[in-house]
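In what follows, a single structure is set out as structure tokens and then discussed.
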């Protein structure tokens with residue numbers, strides 16, 4: 001795609017341009033925001049690097065074929081919330097005006113290059129502006145390892161030098177030094193004082209004098225070190241533009257450079273996982289007998305959650321069904337003193353994934369003003385006539401200390417960007433624990449968002465890596481439950497990938513038995529596999545025995561079920577326990593669903609549509625998830641997979 005690059009003059013913004021170009025994107029414009037008072041050397045912006053702003057204008061002569069658009073900052077850091085909404089007199093509205101002007105001049109622009117590495121604050125603001133303008137944020141440095149990233153910058157042909165120092169171990173003598181010269185010094189300071197190697201903590205700022213795509217370069221005419229404060233100094237300098245000697249320039253995209261800098265899809269232990277598993281033949285999706293019966297929305301109330309399950313509608317077209325379902329869910333929420341904003345997670349089952357775009361457009365309208373919509377899983381499976389879709393959701397009940405999450409819409413090497421009305425994860429924080437619902441992840445290649453399905457082992461590993469990266473970024477460590485939906489991927493592959501992941505990546509944490517593998521008839525983008533999950537982290541009182549958190553009702557009933565089902569119990573809190581039950585006996589399922597002890601709890605049942613028909617005919621309450629086949633984490637097949645939350 002054609003893109004405009006946001007530049008400050010620093011190394012990150014220019015190195016991200018290199019990464020964008022390596023991904024095949026075409027640079028057509030540069031954009032920069034500068035202080036209104038051009039004599040001012042630096043502003044106290046939370047968002048933009050302005051030190052060295054007086055040099056930025058020279059880049060137009062370094063790249064004479066690329067227009068540079070500049071605008072003065074008139075607003076300040078008015079809105080300092082992590083998640084940004086349009087705010088009058090905020091500097092982000094200056095960014096909006098600047099990029100809107102660029103888009104008017106270049107209507108074929110689709111992307112915006114942003115050099116954010118760790119800053120959620122910076123990324124969310126650029127994403128907000130991009131979304132309002134219909135653009136994609138390209139942030140290929142996002143969440144990169146800083147030592148590795150700085151090393152790549154040093155070998156990329158980027159001539160970047162320090163023009164500001166503001167960290168322990170850095171002083172005026174380091175001003176004007178190249179990042180190549182500074183790398184060993186910064187590495188040592190990182191080891192001694194946790195100084196960020198890329199300066200992400202504001203330890204230093206840089207100015208770029210040359211880059212592989214420059215036609216000309218900058219040369220210093222005069223420089224003066226200025227002490228801004230006792231622990232901060234910057235370089236005041238004048239420069240000139242000189243013609244480059246291209247004979248010794250690093251060539252963009254040279255094979256050696258590409259080998260060192262183009263991100264491999266699988267990182268660390270995940271690469272080892274994929275290499276250690278033998279590929280197996282794809283499994284087939286058997287013909288599933290259709291069935292026609294009625295479902296009714298069911299509301300389950302637990303002490304901490306409101307579950308709305310099996311919401312369906314019998315209208316003639318899929319858009320009307322979706323509209324009626326979401327309107328009904330909104331009404332149920334309202335009658336329980338809740339709203340759309342309280343939703344943590346939504347599961348959408350569709351009869352035909354070909355209807356997804358129609359469903360999604362209606363669904364999105366209900367979250368138009370919600371920055372962090374609920375996480376979501378969407379699969380194609382067998383549904384009873386005449387339903388085109390079935391929706392189930394989870395709403396959080398007070399007191400929730402905070403509800404936060406991640407809704408990352410930038411394209412990067414980190415994990416797939418979010419391209420729909422859902423968040424990658426939604427976190428609930430309560431006084432003694434937190435949970436996170438994790439959206440479904442399919443094997444998309446993050447850098448280009450293309451589906452990887454050539455190798456089912458790699459596809460299974462890649463999509464699980466995406467789930468892990470989301471879980472890691474929100475710092476909710478343990479998986480309480482995981483589900484892997486497959487269409488053609490062998491459950492043996494899934495089981496091996498899962499066991500190796502738990503052992504190698506999670507260092508043998510005790511959740512290997514918390515996985516359910518379910519075969520469905522289709523997945524988004526025609527993917528062969530999709531992983532989703534629920535993560536948690538708890539704080540146990542020092543006088544409380546962690547093993548005694550389970551309530552007596554749960555412990556008693558769960559113990560009874562061990563004779564009839566293969567069970568796994570996860571205790572998060574006395575009011576939030578999860579029991580996974582795998583079995584083959586429909587009579588045992590019926591007895592369990594009829595138990596009076598299930599009051600104030602929620603049960604979901606994965607099984608075939610014909611089995612669900614039998615259970616629904618008996619008037620039994622549950623969230624019904626029709627699937628083709630189910631297996632446990634050891635690849636043992638069962639008729640029923642039950643998840644009980646109490």
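Bear in mind these aren't lab numbers, they're just calculated from the coordinates by the rules spelled out. Since we're looking at a predicted model, the values are computed, not measured. Note that we place each Cβ from the backbone using ideal geometry, even for glycine, and neighbour counts take in every protein chain shown.
Using a ≥ b ≥ c from the Cα gyration tensor of segment 2-245 (square roots of the eigenvalues), is it rounded, prolate or oblate, where a/c under 1.5 gives rounded and otherwise the larger of a/b and b/c decides, a/b for prolate? In terms of gyration-tensor shape, rounded. Over segment 401-540, what is the relative contact order in whole percent, taking alpha-carbon pairs under 8 Å and six or more residues apart? It rounds to 30 percent for segment 401-540.
The ranking of 304, 158, 618 from fewest to most other beta carbons within 10 Å of each one's beta carbon is 618, 304, 158. What does DSSP give for the chain in terms of the percent of beta bridges that are antiparallel, rounded to the nearest 5? Bridges in the chain are about 70 percent antiparallel. Listed from fewest to most Cβ neighbours within 10 Å, the set 161, 629, 594 follows the order 594, 629, 161.
Listing 592, 413, 293 from fewest to most neighbouring C-beta atoms within 10 Å gives 293, 413, 592. In the chain, the longest principal axis of the Cα atoms and the axis of helix 91-105 are about 80 degrees apart.
Select one label from [x] 28.6; [y] 29.8; [z] 26.8: the one whose number is Kirkwood radius over Cα pairs in Å as derived from the coordinates shown. After the calculation, the listed value that fits is [z]. Among beta bridges identified by DSSP and lying wholly in segment 2-245, the antiparallel ones come to about 55 percent.
Relative to the longest principal axis of the Cα atoms of the chain, the long axis of helix 491-500 lies at roughly 60 degrees. Helix 356-365 axis versus longest C-alpha principal axis of the chain: approximately 70°, rounded to the nearest ten. Here the contact order of segment 551-645, divided by its residue count and restricted to Cα pairs under 8 Å and six or more residues apart, works out to 32 percent.
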